[in-house]
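Colleague: Below is a structure I'd like to ask you about.
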Amino acid sequence: MNLNGLKNVTIWTTFKNTTVSQLICDFLKEENTILHYIDAVNSFPLMEFQNLVPANEDNKRVYDNIIITTSLNMQELYNIVKKIIENTEKIRLIVINGLDIMFRNSSFNDSSQAHELLKMVFLRVRGSYSGGKLKTLVLNRTGSVPVPKRKKLKTESSNGIYEFTSKYYADIEL
Amino acid sequence: MSLGISLSQLITDNPQPLSSGVSALDDALNKGFHSRSIYEIYGPPGVGKTKMGIQLVQNATTGNSERKVLWIETHVSAPLNLMDFDKGNIFTVTTNKFTQLLIFFKKLLEKDEKYDLILISGFSQLVTDHIEILLNRGYNFKNIHELKCKHLALILTEMTKYTHSKNASIVLLNDCMNTSFQKDIGNVEDNLEVVDDGSNFLVSSSFNSHRRKNTQVLRSSLVANSAMGNKDNIWEAFIRCSIGIFWNWKHKDIGNNRKRNFEKCRIAVVSDLNGKEMQNKKRATYKNEVDCSIVRFDIDESSGSFKDIKADLNNINFDDRIMPPQKKNKSGSSVSISPSLTDSSRQVSPEELLLDTSLVGSAIDAYNKTVYEKEPELEAIIYDSEG
C-alpha cells in the first residue's frame, strides 16, 4: 500500500511488518509530518524500520517524529486520540495496533461503554479529517475472515471488532 | 496524561536485549529477551526451564549492579541455592494463587521500585489451580475456556502495563501437557489431520481401534489444561515469544559399526506468538505460516551452563515436511517411520529400530537425512502410544 491508498480511516488487514515500515518511512519523508503509533502490545516493527531508516544523526528527525503510545483499553485510546486531535499544526497519521485487545479489555468491565468509546474515537477522527491533515490507519492483526452475507455482525469476537469498524467507520479496508 | 515517547527516546531508554547465553537462541529471539515484552518458556520436567531462568538472572545481574531481578515463586521455592553468583539484586516473593498474583501486579505498578526482569516459575500451575477453583464453584464446564482466556488476558494486561511503564521483561516458566490427556475436551483438535506447527512433539496413536485417533501434542500448560479451546489467541497476543524446550537426540555418525549412540541434547522451539499469521486461525490452517525457529543446545560440562552445539536450524519450512507412513512395532503401538528406512543400505533397519521405541529418534534422523540431504532439521520424537 502507498500513501495515496490512505483514506480518512483505513483498515489494513494484509499488512506485514516490512510493508508497515515502508509506509511509515514514506509518510515521514514529507516535511511537517508526525506519526502516532498507538499500540496494545510491544509490536512496533523496529528491526524492519531500522533496516529501512538507519538510526543515525541524519535520520534523527524521522525517529523523533514517531511517537509510540501504549493503550490497553478504549478509554486510554479515546484520551490519546482526543489529545492528538487537539494539535492541528502538523500532518498526522495515527496508526492503531491491537484495537481488538483494547476493546476486549474494556468490554470485560462494561460492554456498552466499550461500544460508546469505540464510536466516540472514530467519530472524532472522522470529524477531524480537515482536508487530509489527519488520517487513521487501523492494523487488523487478526487476519481477515470472510463474513457470510446477512450474518449479524458481532463485536464480541476479536475479528468482529474489525468487521464492525470496517462497516460503520472505515472508508476502505485493504 | 502522557502522549507517549518518541522512537528515538524509546531506543535510548531501552536496555540491550538480555542474552540467554545460547547465541542461536538469542538470534531466534532477535538478539535476546527484549524489554517491554513477556516471554513464555515451557517444557517437560527436568529439561532445564529453571536452569534457563537462572542463566537469564545471571546474565541480567552480572556486570550491572543496577539491574534488579524479581523471582516470583509459586509452588516451588526459588532455586537460590543453585545461583552461584552475587544475589544482591535478586528478590523473591511467594504467591500461590492466581488472584493474588493479579493484585500483586496491580500494586507493583503503583510502586516506584523497578525490576528489570521478573521470572514467574510455575505460572501455568497457578492457572490450572484457578480453573479447578472456578469449576468447583460451579462454573459451567462449557464456558470455562472463555473464562480462562478472559482471566489470562486480564493478568497479562497488568503485566504488559508493568513491562511498558518500567521497561522490564517478564518470563513465565511453565509446564507442558499432552493435549489429549483428557477425554472430555470435545472437538478441539478433532479436525486436525496433522498438527506439526513445530511447537511440540508428534504422536500418532492407533493402539486400540476403538479409541479415537488422536494427534497428541505437547503444549504449554496454559493451553493444554482442563479449559482447552480455540480462543487462546485472546491471551497469546500479549506474549511476544513462546519457547518450548524439549529433548532430542544428538546426531552422531555411527558409521559401519552398529554401536548405538543415544546421547541427548535439547531443542528450543521458538514461536512468535505476536506474529500476525498466528492470530485467529485454527492450528491446522496456520501450520505453514507460523514463524518458528528451532535451536539446538546443551549443557557445557565445564561451565555447567547452556551453550550452542551447532549452528541453529532456523526458519524451517514446515510446508516441506512429509509425514511418513506408519508401521507397527511388537507392542502394537504404531510409530512413524520413513519408507526410505526400509532400504537395506541403512545401517539400522527400521524393524530393528522399532523393536525398541527409544530408537525411533535415530530412525527419524536417518529419515531427515535422506529427505533433505543435509543435516537433519526438526525431529519429531515419537512416543509409544501408551507413553
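The values are calculated or read from the model by the stated rules, or taken from the named source; none is laboratory data. Small disclaimer: the values here were computed from a predicted structure and weren't measured. Here Cβ is always computed from backbone atoms with ideal geometry, including for glycine, and neighbour counts include all displayed protein chains. The accessibility values were calculated without ligands, DNA or RNA, using every heavy atom of the protein model including side chains. Shrake-Rupley method; radii C 1.70, N 1.55, O 1.52, S 1.80 Å.
Colleague: Taking B:L29, is it modelled with pLDDT under 90 and touching a Cys at 6+ places or on another chain (Cβ under 7 Å)?
Modeller: Answer is yes for this residue.
Colleague: Quick one: is B:G46 within 17 Å of the chain's Cα centre (by Cα) and surrounded by 18 or more Cβ atoms within 10 Å (Cβ to Cβ)?
Modeller: no
Colleague: Restricting the search to the stretch A:60-77, which residues are surrounded by fewer than 20 Cβ atoms within 10 Å (Cβ to Cβ) and more than 9 Å from chain B (Cβ to nearest Cβ)?
Modeller: The answer is A:R61, A:Q75.
Colleague: Report whether or not B:L70 is open to solvent by less than 20 Å² (accessible area, probe 1.4 Å), more than 14 Å from chain A (Cβ to nearest Cβ) and farther than 30 Å from A:I80 by Cα.
Modeller: yes
Colleague: Can you tell me which residues in the stretch B:16-31 are away from every other protein chain (no Cβ under 13 Å), assigned to a loop (DSSP other than H, G, I, E, B) and surrounded by 16 or more Cβ atoms within 10 Å (Cβ to Cβ)?
Modeller: Residues satisfying the conditions are B:S19, B:S20, B:G21, B:V22.
Colleague: Which residue, of B:T99, B:T160, is of a type in the set (S, T, Y) and open to solvent by less than 60 Å² (accessible area, probe 1.4 Å)?
Modeller: Only one candidate passes the filter, namely B:T160.
Colleague: Looking at the stretch A:93-111, is at least one residue over 22 Å from A:T18 (Cβ atoms) and away from chain B (no Cβ under 12 Å)?
Modeller: yes
Colleague: Let me ask you something else. Say we look at the stretch B:33-50 and pick out the residues that are touching a helix residue (DSSP H, G or I) at 6+ places or on another chain (Cβ under 6 Å) and within 13 Å of chain A (Cβ to nearest Cβ); which of these is nearest to B:R240 (Cα to Cα)?
Modeller: B:I38
Colleague: In the stretch B:73-91, which residue that is more than 16 Å from B:Y115 (Cβ to Cβ) and under 22 Å from the mean Cα position of the chain (by Cα) is surrounded by the most Cβ atoms within 10 Å (Cβ to Cβ)?
Modeller: Applying the filter and picking the extreme gives B:T74.
Colleague: Let me ask another. Scan the stretch A:116-132 and tell me whether some residue there is surrounded by fewer than 22 Cβ atoms within 10 Å (Cβ to Cβ) and within 14 Å of chain B (Cβ to nearest Cβ).
Modeller: Checking the stretch A:116-132: not a single residue is surrounded by fewer than 22 Cβ atoms within 10 Å (Cβ to Cβ) and within 14 Å of chain B (Cβ to nearest Cβ).
Colleague: If we only count strands (runs of 3 or more DSSP E) wholly inside the stretch B:77-178, which ones have 1 or more residues that are of a type outside the set (F, W, Y) and free of Cβ contacts under 8 Å to residues at least 40 places away in the same chain?
Modeller: B:90-94
Colleague: Limited to the stretch A:44-59, what total is found for residues that are surrounded by 21 or more Cβ atoms within 10 Å (Cβ to Cβ) and not in a helix (DSSP H, G or I)?
Modeller: The qualifying residues number 1.
Colleague: Continuing with the same structure: Take the residues of the stretch A:81-92 that are out of contact with any helix residue (DSSP H, G or I) (no Cβ under 9 Å at 6 or more places or on another chain) and more than 21 Å from A:L23 (Cα to Cα): which is modelled with the highest pLDDT?
Modeller: A:K83
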